[in-house]
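The values are calculated or read from the model by the stated rules, or taken from the named source; none is laboratory data. This one's a predicted model, so the numbers in the text were calculated from it and none came from an experiment. All Cβ positions, glycine included, derive from the backbone under ideal geometry; neighbour counts span all protein chains shown. Please note that ligands, DNA and RNA were not included when accessible areas were found on the heavy atoms of the full protein model with its side chains. Shrake-Rupley method; radii C 1.70, N 1.55, O 1.52, S 1.80 Å.
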Amino acid sequence: MPEPDRPAVLISEPSALENPRPFLPYVWAILKSYWERHGEDAAAFDWLPPLFRNEDPDVLLRPLGGRRIDVLGLSCYTWNWELQCGLARRVKAANPGCLVVAGGPEPDYKDPGFFRKHPYIDAIAVKDGEITFSRILSGWLRGARDLREVPGLYLPGAGDGPVGTGPAEVPTVFDHSPYADQAAFYEALARAAGPDAFGATWETNRGCPYSCSFCDWGSSTLSKVRRFDMARVEADVEMLGRLGVAFVFAADANFGILARDVEIADLLCAVRRKHGHPRTLYYSAAKNNPDRALEIARRLAQGGLSPTHTLAIQHTRKEVLAATDRANISPDKQVQVAQSLMESGIPVSVQLILGIPGDTTSLWKECLADLMEWGIHEDYDTYFYSLLPNAPAAEPEFLARWEVGALDRIVLSDTSQPWKPGLLDRVRMTKSRIVVRSKTYSSRDWVQMFTYVAFVKALHNGSLTRLVALYLRLTHGVPYREFYEDLIEGFLPSAAPGAGWHEAVTRCYATMLEEEDAMDRMRVAELPGYPYALDPSRWVYVQACRAQAAFFAALEGHLRARHPGARHLASVIDYQRELVILPDYDRRKGKTFRTDLDWPSYFARARGRRGRDPLGEPEAMPGAVIEVDDQSCGEKGFLVQPLDWETREGEERWVEWLKHTVLNRNSSGKKNHQQLKVVMPGFFGRLKERARAMAGA
């Protein structure tokens, strides 16, 4: 039971509203464990149960039953800032003497009007919080309410905004596990909720040696990497396995930057084998250690923890990267890493940022074409260029130099997650400040670039036209940019059924410029029973699949007229069409289709091939039949979904298909049939084909 005479500390760190599961309260454990180990009196404070779910502020505070709160610590990020402000406002109103300290990357200590806008916040803590917060608590015990003697804070000033108290002291020794220290609390949570109920944040070091202008990581951590003791790393991982955590977010800026990270990857896999958890891991791979990153990716994929590997490329063009102070490894090295991953059977996702000052519509198209030319064809995960309050890109000099125009808009942290209209909550959803124009591109260009990549993701990543593009590039020398520029900006806007799609996606992004509550999500009007809105690329994919016959017929007519020398163009278009998984597929029966060319072998040779390496025409295979027998879709170990909609009818069947194949990754493994068997003509071949046809009658 809490002791009313002890001062009460409350830590709030709500997860993002759109997260499928809440994250275990990690900042609370860090601060509490540090105080209990290094503070003046470990038992001096009553640490109230932390707030970590994303609920209305009144709902979150209700279980406290009006308990007095003496110190409130807020861990603030883009996704919870408005909610944290709502909580602080209510706590301060009920407890006027409460000391409210806001930490994390979101509080803008450079804003001269910060404390005028947020009078319910008393101090901003910068950088690591353990030592700073412990000093605040020590002062509280001594009755010292003046925080000017505590380094690492920004306090209300007399006139020109927040005043700093001096550089923060940050820990250099990390020798204990907060998860293990607070095991009793976490175990009670896990028992009540069951396995797979939570995500978790996990660190093995702190710091980043890079200084990309869009990120506040390097500047915030003084660019020095401080490693945790291996004993702590081992204890943390063991606890996450025991607790049945479903998803782990590795908060290291560059996992793989240290040689020991290979050993840590093995540790993660061993714990997963032992406990069955964690299920999956997301991590930011080291930028300039490709060989080590490759080895880690292989081990995590083999262990089932991270079946795909993310390449944080952001952009392929050096002039654009230079504008944002980012230096990548050389293109040749990136291609080598990507090809090695694909040869190992590890799918690759590419992180890109659209809207970097210095970009143009032409350079953006070249970026996407570069990836294809390098042989990387899976998901291009595209993010808005957001201005984080304390990142170099938010500095007045940067904004003025690049003539930046920005708007505050709701941005989901998961670029692919569907969103249910009506869930918009101004208290619980924080708007991000996104760049929509600069010296090198206009707002109209911004709309065009986002529209273009939405169609690239639907057509190429989603593999509606990928195989056709590969054939024309590798065998007939048609550059990928030429192919997609023609389709997206020539063919689709002017030809049914795609004309309406292009206009609708353009309107979606134009509306984001015009309406403050607009999001990059689109409802599928043809499926009124499906309550969610999709990101534009997946919306386009659904439209194309619903109009499959008309889409491919129009596509064939256009491409054959444009590329008359490609003699097998009709055949490859038909092959691509047959591979698209549609709701009419019945996994109990499978399906067959004919082809006179050995496309399976052709595309096996094309996998990962660079555009400059030509490939001859496919070999003839007269009268051959392709048998399809897929029971599920999705890369091995990554969101594999059974194709089990055979008992559904009409709209319900389309909705089940959408959930299984359209959501999550944009990849051929999710959207194209993979289990293919070539049956050559002959007596037994014809007999088998007839038996299958009769079974399906």
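Observations on the structure shown:
- Here PRO107 qualifies as part of a loop (DSSP other than H, G, I, E, B), more than 17 Å from TYR34 (Cβ to Cβ), open to solvent by less than 20 Å² (accessible area, probe 1.4 Å) and not β-branched (Val, Ile, Thr).
- Qualifying residue in the range 630-640 (condition: crowded, with 19+ Cβ neighbours inside 10 Å, within 26 Å of the chain's Cα centre (by Cα) and in a strand (DSSP E or B)): yes
- Matching residues, the range 310-322, being touching a Lys or Arg at 6+ places or on another chain (Cβ under 9 Å) and in a strand (DSSP E or B): ALA312, GLN314
- Flag for TRP419 being touching a residue at least 12 places away in the same chain (Cβ under 8 Å), over 26 Å from PRO531 (Cβ atoms) and either in contact with a His (Cβ under 9 Å, 6 or more places away or on another chain) or among the hydrophobic types (A, V, I, L, M, F, W, C) (or both): no
- If the condition is being within 24 Å of ALA183 (Cα to Cα) and of a type in the set (S, T, N, Q), then the range 37-92 contributes ASN54, SER75.
- Taken together, the criteria place ALA550 among residues that are under 17 Å from PHE491 (Cβ atoms), open to solvent by 10 Å² or more (accessible area, probe 1.4 Å) and among the small types (Gly, Ala, Ser).
- Tallying residues that are over 18 Å from the mean Cα position of the chain (by Cα) and over 12 Å from ARG409 (Cβ atoms) within the range 509-538 yields 12.
- Matching residues in the range 131-151 - criterion: being open to solvent by less than 10 Å² (accessible area, probe 1.4 Å) and either of a type in the set (Asp, Glu) or within 32 Å of the chain's Cα centre (by Cα) (or both): THR132
- The residue that is modelled with the lowest pLDDT, among those in the range 138-164 that are in contact with a helix residue (DSSP H, G or I) (Cβ under 6 Å, 6 or more places away or on another chain) and not in a strand (DSSP E or B), is PRO162.
- Selection count where residues are over 30 Å from VAL335 (Cβ atoms), in a helix (DSSP H, G or I) and in contact (Cβ under 8 Å) with a residue 40 or more places away in the chain, scope the range 565-611: 1
- Residues located in the range 61-83, provided they are assigned to a loop (DSSP other than H, G, I, E, B) and over 20 Å from PHE23 (Cα atoms): GLY65, GLY66, ARG67, ARG68, ILE69, ASP70
- Looking only at the range 259-291, and only at residues there that are of a type in the set (Lys, Arg) and in contact with a helix residue (DSSP H, G or I) (Cβ under 9 Å, 6 or more places away or on another chain), the one that is modelled with the lowest pLDDT: LYS287
- With respect to the conditions (1) surrounded by fewer than 22 Cβ atoms within 10 Å (Cβ to Cβ); (2) within 22 Å of the chain's Cα centre (by Cα); (3) touching a residue at least 60 places away in the same chain (Cβ under 8 Å), GLU343 lacks only one, and its number is (2).
- Summed over the range 395-408, residues that are in a helix (DSSP H, G or I), open to solvent by less than 70 Å² (accessible area, probe 1.4 Å) and free of Cβ contacts under 8 Å to residues at least 60 places away in the same chain total 1.
- Test result for ARG609, at pLDDT 95 or above and either among the β-branched types (Val, Ile, Thr) or open to solvent by 50 Å² or more (accessible area, probe 1.4 Å) (or both): no
- Looking across the range 110-130 at every residue that is open to solvent by less than 30 Å² (accessible area, probe 1.4 Å) and either of a type in the set (Phe, Trp, Tyr) or assigned to a helix (DSSP H, G or I) (or both), the one that is nearest to ARG37 (Cα to Cα) is identified as GLU130.
- Applying the condition of being aromatic (Phe, Trp, Tyr) and part of a helix (DSSP H, G or I) to the range 4-60 and asking which residue is nearest to SER138 (Cα to Cα) yields TRP35.
- Residue check for ARG317: open to solvent by 10 Å² or more (accessible area, probe 1.4 Å), modelled with pLDDT of 90 or more and over 29 Å from ALA458 (Cβ atoms): no
- Residue check for SER362: assigned to a loop (DSSP other than H, G, I, E, B), open to solvent by 20 Å² or more (accessible area, probe 1.4 Å) and among the small types (Gly, Ala, Ser): no
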